[in-house]
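*Asks:* Here it is, the structure in full.
The values are calculated or read from the model by the stated rules, or taken from the named source; none is laboratory data. Since we're looking at a predicted model, the values are computed, not measured. All Cβ positions, even for glycine, are placed from backbone atoms using ideal geometry, and neighbour counts span all protein chains on display.
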Amino acid sequence: MLKVIVTGGTGQLATAIAKLCTQSKNSYIITSIEELDICSVESVSRGLQDADIVINCAAYTNVEAAEENIEEATRINRDGVANIAKVARERGIKLIHISTDFVFGGDNERTTPYSEQEAPSPINVYGKTKAEGEAAALTAPGAIVLRTSWLYAPWGHNFVNTIIGRARQGAELRVVDDQRGTPTSAISLAQAIIEIIESGAWQTMEGIYHYSDLGESSWYDFAKEILRIAEVETRITPCKSSEWQSKAKRPHYSVLDKSRIAKLGIVALKPWQEQLREVITYKE
């Protein structure tokens, strides 16, 4: 039996893993910051006692706030990952680290998905600190970095829940239509991670892999599909990024090429619209 430690226990992804791992023959231990604080190497050392695998879901993910809280974002997204990698390196623990499409800049002319071989080119503090975290993770032998995008879940604070909540309150919505990426269900990503572990593929996988749901969308089209599936009506209009007050720059295009993970044949990639319906209609 494998002992699998999951950090960031209150987040969307760790919550999804906790809900989906109940039938596993392996032991998945979901940890809160009180139980395992990645910013303390002593806490990491204690928390990873006898671990075979650590899945790092802990991160500073507030893109806007990161612009003003650079030290905090760096402490969590870079230095915290370095702490995990250090302990993993010393004890031979497999590290699976979750990263983001925002490590790429996605200029206006981009129309082709990013491959794992392309160098990061972040344009905001969040993306920069996550790129630095990837580099730290990869110092652990055999480490896996899973980049994903536009993550959401039935629980927690995310774009899907915000759109539905505001629409039900009767708010008129303005959503940017010049940023394109791939909405990804945390349930979908959690299923993929668990399958990587349960199948034994984690033993031979290493390096960077991209995982998101299939297809691409603008935030505006994503919002329209959310309202359609949730059967909520409100006025929604598109706008440009330049019209939206934001501290952080965001990629205009950040779709990920998933052919590397698809070739392994161990995870099921499904269209983002299908995964969105599963999340909106999710029942415990």
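*Asks:* Between a first residue in segment 1-28 that is closer than 13 Å to A153 by Cα and touching a residue at least 40 places away in the same chain (Cβ under 8 Å) and a second residue that is surrounded by fewer than 24 Cβ atoms within 10 Å (Cβ to Cβ) and among the aromatic types (F, W, Y), which pairs have beta carbons less than 8 Å apart while being 6 or more apart in sequence or on different chains?
*Replies:* Filtered contacts from segment 1-28: Q12/W155; T15/W155; I17/Y28.
*Asks:* Another question about this same structure. Does at least one position in segment 125-132 carry a residue that is at negative phi, modelled with pLDDT under 95 and either charged (D, E, K, R) or in contact with a helix residue (DSSP H, G or I) (Cβ under 8 Å, 6 or more places away or on another chain) (or both)? First the steps, then the outcome.
*Replies:* Just the residues of segment 125-132 that are at negative phi, to begin with: 125-132.
Okay, now just the ones that are also modelled with pLDDT under 95, so none.
No, every residue in segment 125-132 fails to be at negative phi, modelled with pLDDT under 95 and either charged (D, E, K, R) or in contact with a helix residue (DSSP H, G or I) (Cβ under 8 Å, 6 or more places away or on another chain) (or both).
*Asks:* Just checking, which of A143, A167 is within 16 Å of K224 (Cβ to Cβ), among the small types (G, A, S) and buried (at least 18 other Cβ atoms within 10 Å of the Cβ)?
*Replies:* Numbers: A143 fails: within 16 Å of K224 (Cβ to Cβ).
None of the other options fit; the residue is A167.
*Asks:* Name the residues in segment 237-268 that are among the polar types (S, T, N, Q) and over 19 Å from P113 (Cα atoms), would you?
*Replies:* In the first step, residues of segment 237-268 are kept if they are among the polar types (S, T, N, Q); the result is 237, 241-242, 245-246, 254, 259.
T237, S241, S242, Q245, S246 - these are the residues of segment 237-268 that are among the polar types (S, T, N, Q) and over 19 Å from P113 (Cα atoms).
*Asks:* Separate question: Return a yes/no flag: does segment 205-221 have any residue that is closer than 22 Å to D107 by Cα and out of contact with any strand residue (DSSP E or B) (no Cβ under 8 Å at 6 or more places or on another chain).
*Replies:* Looking for residues that are closer than 22 Å to D107 by Cα and out of contact with any strand residue (DSSP E or B) (no Cβ under 8 Å at 6 or more places or on another chain), one finds at least one in segment 205-221, hence yes.
*Asks:* In segment 61-93, which residues are touching a residue at least 60 places away in the same chain (Cβ under 8 Å), of a type outside the set (V, I, T) and surrounded by 22 or more Cβ atoms within 10 Å (Cβ to Cβ)?
*Replies:* Of everything in segment 61-93, just one residue is touching a residue at least 60 places away in the same chain (Cβ under 8 Å), of a type outside the set (V, I, T) and surrounded by 22 or more Cβ atoms within 10 Å (Cβ to Cβ), namely A66.
*Asks:* Which strands (runs of 3 or more DSSP E) sit wholly inside segment 172-284 and have at least 1 residues that are out of contact with any Cys (no Cβ under 9 Å at 6 or more places or on another chain), modelled with pLDDT of 95 or more and surrounded by fewer than 16 Cβ atoms within 10 Å (Cβ to Cβ)?
*Replies:* Working: elements: 173-176, 207-210, 236-239.
Result: 207-210, 236-239.
*Asks:* Here is a further query. Search segment 1-39 for residues being polar (S, T, N, Q) and under 17 Å from L95 (Cβ atoms), and hand back the single one that is nearest to the chain's Cα centre (by Cα).
*Replies:* Taking segment 1-39 first, the residues polar (S, T, N, Q) are 7, 10, 12, 15, 22-24, 26-27, 31-32.
If we keep only those that are under 17 Å from L95 (Cβ atoms) as well, we get 7, 26, 31.
Details: T7: 13, N26: 23, T31: 17 Å.
That would be T7.
*Asks:* Here is a follow-up. Pairs please, first residue from segment 122-142 and within 14 Å of A88 (Cα to Cα) and touching a residue at least 24 places away in the same chain (Cβ under 8 Å), second anywhere and in a loop (DSSP other than H, G, I, E, B) and among the hydrophobic types (A, V, I, L, M, F, W, C), Cβ atoms under 6 Å, 6+ apart in sequence or on different chains.
*Replies:* Taking only residues 6 or more apart or on different chains, the pairs are A137/A143.
*Asks:* May I ask you to list the residues in segment 94-112 that are modelled with pLDDT of 95 or more and buried (at least 22 other Cβ atoms within 10 Å of the Cβ)?
*Replies:* Taking segment 94-112 as the starting set, the residues that turn out to be modelled with pLDDT of 95 or more are 94-104, 112.
Result: K94, L95, I96, H97, I98, S99, T100, D101, F102, V103, F104.
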